There are 2 protein chains.
Amino acid sequence: MSFSFQLEATCGAARAGRFLTPHGEVQTPVFMPVGTLATVKGVPQDVLEELGVQILLNNTYHLYLRPGVETIHHLGGVQKFMAWHKPILTDSGGFQVFSLSDLRKLTEDGVQFRSHLDGSLHFFSPETSLAAEIGLGADIIMAFDECTEFPATYERARQSMELTARWARRSHDYFQAHKREVPWFEEKTRQLGSEQTQALFGIVQGGMYPDLRRESAERTVAIGFSGHAIGGLSVGEPREKTWEIVNQTIPLLPADKPRYVMGVGTPEEIVEYVRLGVDMMDCVMPTRAARHGLLFTSQGKLNIKNARYARDDNPIDPNCRCKVCTRYSRAYLRHLYASQEVLAQVLNTVHNLAHYLDIMRRVRETIISGEFAIARPVS
Amino acid sequence: MSFSFQLEATCGAARAGRFLTPHGEVQTPVFMPVGTLATVKGVPQDVLEELGVQILLNNTYHLYLRPGVETIHHLGGVQKFMAWHKPILTDSGGFQVFSLSDLRKLTEDGVQFRSHLDGSLHFFSPETSLAAEIGLGADIIMAFDECTEFPATYERARQSMELTARWARRSHDYFQAHKREVPWFEEKTRQLGSEQTQALFGIVQGGMYPDLRRESAERTVAIGFSGHAIGGLSVGEPREKTWEIVNQTIPLLPADKPRYVMGVGTPEEIVEYVRLGVDMMDCVMPTRAARHGLLFTSQGKLNIKNARYARDDNPIDPNCRCKVCTRYSRAYLRHLYASQEVLAQVLNTVHNLAHYLDIMRRVRETIISGEFAIARPVS
């Protein structure tokens, strides 16, 4: 078996566990930094290792356009391509097709779209998306879904959820027929002594309607995926709504498989989702905010642009032990940001990732020690 | 004494030595990476340390405009400001005033100029420039000179050289009167048990005219600087001319003090300058070329933009042991560059600096072992 999930401890609904992929083990709950184009913008891979990053997210839509699936397949898969020798997860490209590209036509078969780069015409279906994900060779790949927009009427959300359910089946069938085409299939199978393929996760949709979410969860679970994600969140709805949907949907997903909420959240929110029983999360927030000079600290957010930091020789966060906080002052980081120096982005990103990863590390420790419910990490 | 230079070995005219500054020792011959705004663009300070960078160059003109001398003085000097706890050298700002700013008026007293950032009006004289350099607190600082343009008539070059000679005297006098105002004066004096100040270097000008260079060298040396630089090169003249001027001027500079050629050169050229007896060099070439995708290798230059590298899983340079070449492929680096990812700049810069620093390391070793004349490093 190439993918397995083991529960180690629970504390209320919160869970600590681990799963094994062909490129190594991941301890949960886990936060996955986003490395859209096979790079976490500005941060070298050895620094990601030092930070304790366990698994990265890459975007299929972006890598499909640049450098192309063929190129990455030829080079042995995305882990070898980016010299990141640990697990990687790719989304299906669905979310980006709907949010980034000029969408041309949505049919039962799939979506025709124009590249946001050069306007060229492309087509994604469950089959072509899965072919791309198999070709890229991430350890965990996602079924091709339609991300329902917000707001959406009940009728629209139902149609969209049903399309996603049909596409989930087609994603699963295509994957079963082609899973041995992953670039590292032979190498990893030989190395690990059993057949090694990717793990395919299904995605629950249903907009903001509890009964549609329930039906989506049931239909998705019935297909037999290796893990389950809740999609269609962080699309503009109020934060309480996101929490409500996660809270209602998590109990409908099998407890013996990883549960992943896509595209969340703030440092406070990721702790709350763990409390609801979520095992995996990804979010552009720490990396994107860093590029805009917004830093997360144990005392709240800090905007490094602010003139008050011009002569402040304190670290970003006196409680943080990351390599940025133990070396550089706010004054220096403000100077770099104000001067539009590239090092500003590099150092800000390293700090924000350290903040997120430290929170998850403490959360996991307190779940295992049984203290999680009472020890809410300050963030 | 806060600055001393010791010769260790010679091999023909080439020299290996070391000098001591308040922030540590530097082994020569040495290549100094350029960190204009108190950052080597994109490279964190711990990576510079790993690369074996011994001393950095910062630009007075840029730091004077942003974040300002007062700010850096307040924070304890540029070493503390940028958290680089080794030696730093600042130029006088003269070169940038003449090349970057909108020059308003040159008089005997100094130059009035407009900032290239916001057009604000400023004035640099030997006294104000030295005040800025003392305020920033680099270990080695440069006299304020006029960098003669190329081409220049004999008469123009003579006038310019004479102005530089008078400004050298004024720089020296100002420095002697104010050298105890360097931000770390008390701390370093207490720490090291003797009076610690900066080292002031004089600059030889004279355009492309050997007799003017000779006169400039004599007048500069007579003032009693801690080291001597050859300025006014790499201003557009043919490369053979640069070599000729260095070759003629080096023997006119005292052998018991460091000899520094400003603003050179290619990997091949820096070896040739060592061969002429040069101890110190700085150049934007490795860092600037990296930002344009131009990489230096033991087999010559490599343009990472080139489509031929799209599926090339070799390192930039199979003979290089840097952290980029031991981890990443040309295909990945090309993808980063083509996608305008910030990590391209970071990794390209690390490699190019490693290439320069490795050359200098081998050059130094072969001078000490006496094999330098025959062992021309391939570059």
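The values are calculated or read from the model by the stated rules, or taken from the named source; none is laboratory data. These figures come from a predicted structure and were not determined experimentally. Heads up, the Cβs are rebuilt from the backbone with ideal geometry, glycines too, and the neighbour counts pull from every protein chain shown.
Please verify whether segment B:241-248 includes one or more residues that are out of contact with any Asp or Glu (no Cβ under 9 Å at 6 or more places or on another chain) and in a loop (DSSP other than H, G, I, E, B). Talk me through it step by step, then tell me what you get.
The first filter runs over segment B:241-248 and keeps only residues out of contact with any Asp or Glu (no Cβ under 9 Å at 6 or more places or on another chain), leaving B:241, B:244, B:247-248.
When the remaining residues are screened for being in a loop (DSSP other than H, G, I, E, B), the result is none.
No: segment B:241-248 contains no residue that is out of contact with any Asp or Glu (no Cβ under 9 Å at 6 or more places or on another chain) and in a loop (DSSP other than H, G, I, E, B).
Only one of the numbered conditions (1) touching a helix residue (DSSP H, G or I) at 6+ places or on another chain (Cβ under 8 Å); (2) under 23 Å from B:G52 (Cβ atoms) is violated by B:R330, and that is (2).
Between B:F144, B:F123, which is away from chain A (no Cβ under 14 Å) and more than 22 Å from the chain's Cα centre (by Cα)?
Working: B:F144 fails: more than 22 Å from the chain's Cα centre (by Cα).
Answer to the check: B:F123.
Quick one: would you say A:T107 is among the β-branched types (V, I, T), more than 14 Å from chain B (Cβ to nearest Cβ), free of Cβ contacts under 8 Å to residues at least 60 places away in the same chain and over 30 Å from A:C325 (Cβ atoms)? For A:T107, the condition - among the β-branched types (V, I, T), more than 14 Å from chain B (Cβ to nearest Cβ), free of Cβ contacts under 8 Å to residues at least 60 places away in the same chain and over 30 Å from A:C325 (Cβ atoms) - is met.
Quick one: which residue in A:R308, A:R321, A:R291, A:R259 is within 14 Å of chain B (Cβ to nearest Cβ) and either acidic (D, E) or without any contact (Cβ under 8 Å) to a residue 60 or more places away in the chain (or both)? Spell out how you get there, then give the answer.
Details: A:R321 fails: within 14 Å of chain B (Cβ to nearest Cβ); A:R291 fails: either acidic (D, E) or without any contact (Cβ under 8 Å) to a residue 60 or more places away in the chain (or both); A:R259 fails: within 14 Å of chain B (Cβ to nearest Cβ).
Within the list A:R308, A:R321, A:R291, A:R259, the selection yields A:R308.
Would you be able to say whether some residue in segment A:225-233 is in the same structural domain as A:F144 (by TED's automatic domain parsing), modelled with pLDDT of 95 or more, not in a loop (DSSP other than H, G, I, E, B) and not small (G, A, S)? Yes - at least one qualifying residue is present in segment A:225-233. Could you check segment A:148-174 and list, in sequence order, the residues that are surrounded by fewer than 24 Cβ atoms within 10 Å (Cβ to Cβ) and under 25 Å from A:T21 (Cβ atoms)? Passing the criteria: A:R169, A:R170, A:H172, A:D173, A:Y174. Here B:I368 passes the criteria (1) within 14 Å of chain A (Cβ to nearest Cβ); (2) more than 22 Å from the chain's Cα centre (by Cα) except the one numbered (1). The set of residues in segment A:339-359 that are within 7 Å of another protein chain (Cβ to nearest Cβ) and not hydroxyl-bearing (S, T, Y) comprises A:E341, A:V342, A:L343, A:Q345, A:V346, A:L347.
Check whether at least one residue in segment A:148-162 is outside any loop (DSSP other than H, G, I, E, B) and touching a strand residue (DSSP E or B) at 6+ places or on another chain (Cβ under 7 Å), and report yes or no. No, that holds for no residue.
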